[in-house]
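Here the structure comes first, spelled out in structure tokens, and everything after it is commentary.
The values are calculated or read from the model by the stated rules, or taken from the named source; none is laboratory data. Everything numeric in this text was worked out from a predicted model, so none of it was measured. Cβ coordinates were reconstructed from backbone atoms using ideal geometry, including for glycine residues, and neighbour counts include every protein chain displayed.
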Amino acid sequence: MAAGKGTRLKSKHPKVLHEVGGKPLLAHVIAAATQVVPAQDVYAIVGHEADLVQQAVAQTGINFILQREQRGTGHALMVARDALAPYDQVIVLSGDAPLIRAQTIQKLRDFHGSQQPAMTILAAQLHDPTGYGRVIRNKKNSPDVKAIVEEKSATPAQRKIQEINSGFYEFDAKVLLAHIDELTNDNPHGEFYLTDMAAILRKAKQRVMAVAANDPHEILGSNTRAEMVDIDQRMRVAKCRQLMADGVTIFYPQTCVIDSDVEIGPDTTVEPFVQILGKTRIGSECRIRSYSVINNSLIGDGVLIRPGCILDQAHVMKGAMLGPYTHLRPGTEIGEGAHVGNFVETKKTRLGKGSKANHLTYLGDADIGAGVNIGAGTITCNYDGEHKHTTVIEDSVFVGSDSTLVAPVKIGKGAYIGAASCITDDVPPDSLALGRARQIVKEGWTKARRASQRKPE
Ligand code: UD1
Ligand code: CA
């Protein structure tokens with residue numbers, strides 16, 4: 001169920017597209033679901049901003065059902081009637097509860113399969129059950145459930161019940177569909193509550209049961225910004241713990257922001273206040289020093305990233321060293337053992353094996369070979385105001401400090417560019433190019449000036 005607007009978030013964006021752990025709420029739930037059943041048997045009920053929601057998770061290969069008007073969780077399943085008809089069992093998941101794990105859905109499924117009631121509720125004991133529907137057992141400690149009561153309709157005594165409804169269920173699909181039209185919207189919200197199915201089925205002499213989630217936190221829903229931040233934190237702490245269990249050292253993990261899909265190899269160390277985002281993959285034996293932000297990048301083994309580097313869609317090969325304060329923009333490829341240093345910015349640029357660009361440089365749309373030295377302050381002038389042009393620098397070139405390379409331009413293999421040159425024409429291999437005004441020295445000039453300016457006593 002992913003059709004709701006998420007009124008409590010006070011957002012113009014649909015609730016299930018808000019992100020925790022670096023990806024949409026709904027994407028987490030789909031990932032868990034598709035570990036239990038094949039994607040072609042998973043249906044997302046979408047409604048509010050349906051197109052956006054559908055687009056965001058389309059690549060998962062699941063199906064979509066449109067709930068044009070969102071008239072409650074029960075109504076969501078009424079809309080799904082035709083899709084559900086061919087199935088014997090249906091598992092219902094809440095699109096806004098992203099901590100759910102595949103093992104827990106499997107536990108619900110195993111319990112339901114062995115007990116075969118008409119409805120199984122995934123329940124949890126919460127220290128603070130406020131806001132959740134409460135599970136009303138038939139008798140104390142009975143495995144059977146009489147009803148679910150929503151917070152708003154609960155009596156003070158019922159509000160004290162700490163066993164809550166997670167919003168995840170398994171139903172016998174035939175029995176559900178036979179009784180779903182008995183739902184009414186006679187409640188404080190004027191909505192069709194799926195939770196009312198418990199009492200309806202019970203009255204129809206069907207069995208309704210509840211099974212507890214192993215970790216009660218797994219079922220937490222994100223209805224408010226505060227709940228969402230809480231879930232995000234839980235998810236990131238769990239991610240750090242998983243990485244540590246897999247051999248990664250993370251100092252002060254509570255200061256690091258590591259997205260769910262990030263992969264890091266063993267013996268890599270992550271220092272405090274680092275962000276590793278998106279689908280970033282980092283090899284083993286790397287060190288990521290403080291204040292670096294790495295997004296959707298691929299980093300080989302043994303790479304050193306000094307403090308304050310920003311990487312976005314970059315590829316850094318093994319043994320390279322970056323920073324401090326290197327900015328690698330999309331389409332950057334840093335070769336094996338290369339060095340990129342302080343205040344160097346790159347974009348759509350390949351820097352070959354063992355090449356160096358250590359200080360204060362901009363390299364954009366450049367193809368740079370192996371063993372090249374890029375002097376401090378070098379700039380590729382890639383933009384003429386209308387188009388971007390390429391700079392080619394072949395192997396073993398030496399570019400002197402403060403050079404400007406006006407693209408399109410090509411520097412041949414082994415050539416040498418004198419410092420402070422402005423290079424506008426191609427430089428053939430093995431040659432020296434100088435593109436600067438010749439220095440003039442006027443000896444004794446200042447002494448003469450001082451003499452002419454001296455005032456008479
Ligand atoms: C629901 C349960 C509550 C339970 C809680 C667990 C009901 C009536 N209440 O409350 O007992 O403790 O989940 O988190 O079900 N949705 C639709 N179409 C709609 C309405 C909602 O698809 O017309 C979707 C929402 O996008 C959301 C999910 O259903 O993903 C749950 O809806 P929400 O409004 O968040 O229900 P809760 O108030 O949390
Ligand atoms: Ca909810």
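Summary table
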item	result
Residue check for Lys139: away from ligand 1 (no atom under 16 Å from the Cβ) and under 33 Å from the mean Cα position of the chain (by Cα)	no
Within the stretch 141-169, considering residues that are under 18 Å from Gly74 (Cα atoms) and among the basic types (Lys, Arg), the one farthest from ligand 2 (Cβ to nearest atom)	Lys146
Index of the failed condition, Ala245 passing every other in (1) in contact with a strand residue (DSSP E or B) (Cβ under 9 Å, 6 or more places away or on another chain); (2) farther than 27 Å from Asp128 by Cα	(1)
Residue in the stretch 5-20 that is within 20 Å of Ser222 (Cα to Cα), buried (at least 21 other Cβ atoms within 10 Å of the Cβ) and basic (Lys, Arg) present	yes
Some residue of the stretch 315-326 being assigned to a loop (DSSP other than H, G, I, E, B), within 26 Å of Asp246 (Cβ to Cβ), at pLDDT 95 or above and not small (Gly, Ala, Ser)	yes
Of all residues in the stretch 176-232 being of a type in the set (A, V, I, L, M) and within 16 Å of ligand 2 (Cβ to nearest atom), the one that is farthest from Val20 (Cα to Cα)	Leu194
From the options Asp402, Asp430, residue that is in a loop (DSSP other than H, G, I, E, B), modelled with pLDDT of 95 or more, among the acidic types (Asp, Glu) and under 21 Å from Leu363 (Cβ atoms)	Asp402
The one condition in (1) modelled with pLDDT of 95 or more; (2) surrounded by fewer than 15 Cβ atoms within 10 Å (Cβ to Cβ); (3) over 16 Å from Arg134 (Cα atoms); (4) more than 16 Å from ligand 1 (Cβ to nearest atom) that Asp172 fails to fulfil	(2)
Candidate set from the stretch 191-207 (those that are aliphatic (A, V, I, L, M) and in a helix (DSSP H, G or I)); member that is farthest from ligand 1 (Cβ to nearest atom)	Leu201
Selection from the stretch 241-269 of residues that are under 20 Å from Ala27 (Cβ atoms) and either in contact with a helix residue (DSSP H, G or I) (Cβ under 6 Å, 6 or more places away or on another chain) or not hydrophobic (A, V, I, L, M, F, W, C) (or both)	Gln242, Ile258, Asp259, Ser260, Asp261, Glu263
Candidates Glu151, Glu163, filtered to the one that is under 21 Å from Leu93 (Cα atoms) and free of Cβ contacts under 8 Å to residues at least 40 places away in the same chain	Glu151
Conditions (1) assigned to a loop (DSSP other than H, G, I, E, B); (2) more than 14 Å from ligand 1 (Cβ to nearest atom); number of the one not met by Gln70	(2)
Among residues of the stretch 50-61, those that are part of a loop (DSSP other than H, G, I, E, B) and either in contact with a strand residue (DSSP E or B) (Cβ under 6 Å, 6 or more places away or on another chain) or within 11 Å of ligand 1 (Cβ to nearest atom) (or both), counted	0
Pairs where the first residue, in the stretch 94-115, is more than 17 Å from Val42 (Cα to Cα) and the second is part of a loop (DSSP other than H, G, I, E, B) and within 16 Å of ligand 1 (Cβ to nearest atom), C-beta under 7 Å, 6+ apart	Leu99/Leu220
Residue that is nearest to Thr361 (Cα to Cα) [pool: residues in the stretch 405-422 that are within 42 Å of the chain's Cα centre (by Cα) and part of a strand (DSSP E or B)]	Leu405
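Per-residue answers, yes or no, for (1) under 20 Å from Pro143 (Cβ atoms); (2) buried (at least 23 other Cβ atoms within 10 Å of the Cβ); (3) modelled with pLDDT under 95; (4) not basic (Lys, Arg):
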position: Val79; (1), (2), (3), (4): no, no, no, yes
position: Tyr87; (1), (2), (3), (4): no, no, no, yes
position: Ile91; (1), (2), (3), (4): yes, no, no, yes
position: Gly95; (1), (2), (3), (4): no, yes, no, yes
position: Gln103; (1), (2), (3), (4): no, no, no, yes
position: Asp110; (1), (2), (3), (4): yes, no, no, yes
position: Gly113; (1), (2), (3), (4): yes, no, no, yes
